[in-house]
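The values are calculated or read from the model by the stated rules, or taken from the named source; none is laboratory data. As the structure is a prediction and not an experimental result, all values here were calculated from the model. Every residue, glycine among them, receives a Cβ derived from its backbone with ideal geometry; neighbour counts consider all protein chains shown.
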Amino acid sequence: MARLSDRAAGAVGSVGEYLAEQRRHAQLSLRQLSDLAGVSNPYLSQIERGLRKPSAEVLQQLAKALRISAETLYVRAGILDPDENEEGRQASGVVDAVLLDPALNERQKRVLLDVYTSFVRENAVPEEPAAKKTSARKRSTEPGTD
C-alpha cells in the first residue's frame with residue numbers, strides 16, 4: 001500500500017475526527033450513520049480513526065447523512081483547497097449552522113436556506129459597474145469639469 005504524504009495523512013485524521021464529532025453532535029451511533037450513508041460499519045470506523053482515506057463519493061454520502069456541507073468534508077480531507085472560495089466557505093458555515101440546529105424541523109431548515117440563498121443571489125452585485133458609477137459621479141461633481 002502506498003504511503004500517504006504528511007499533509008494527506010494529517011487530513012485523513014482531521015476528516016475522521018471531524019466526522020466523529022459531527023456524528024456525536026447529530027446523536028447518531030456509528031452503525032446508524034453507516035446505515036444512513038450506505039457505507040459499512042467497519043469502514044466508517046476506520047475513517048473516523050484516521051486509518052482510511054474516504055473517496056469524494058463516500059464523503060458526499062456521509063455529508064448528506066449528517067446534513068452538513070460536503071465541501072467542508074472535502075477541505076478536511078485535502079480534496080479541496082480551503083482558500084479557493086472564501087465566500088463559499090462563509091455560506092457553507094451558515095448552511096451548516098442551519099442544518100445542524102436541532103431546534104428547527106426539516107421544513108423550517110429548507111425555508112431558511114431558500115430565503116438565505118435568495119438574499120445571497122440578490123446581493124451578489126458585480127463590483128465593476130458600481131465602481132464605474134462612482135467614478136462617473138466624482139467627475140461630474142468636481143469643479144471645473146462642466
Residue among Asp114, Asp81 that alone is of a type in the set (Asp, Glu), modelled with pLDDT of 60 or more and under 27 Å from Val15 (Cβ atoms): Asp81
Filter the stretch 52-64 down to residues that are small (Gly, Ala, Ser), in a helix (DSSP H, G or I) and either surrounded by fewer than 21 Cβ atoms within 10 Å (Cβ to Cβ) or not assigned by TED's automatic domain parsing to the domain that holds Arg24 (or both), then give me how many there are. 1
For the structure I just gave you, tell me whether Ala63 is under 30 Å from Asn105 (Cβ atoms), among the hydrophobic types (A, V, I, L, M, F, W, C) and at pLDDT 95 or above. no
Can you tell me how many residues within the stretch 33-57 are over 18 Å from Tyr74 (Cβ atoms) and of a type in the set (Lys, Arg)? 1
Would you check which residues across the stretch 65-79 are in a helix (DSSP H, G or I) and over 15 Å from Arg23 (Cβ atoms) and list them? Ala70, Glu71, Tyr74, Val75
Boolean, Pro126 is under 30 Å from Gln22 (Cα atoms) and at pLDDT below 80: no
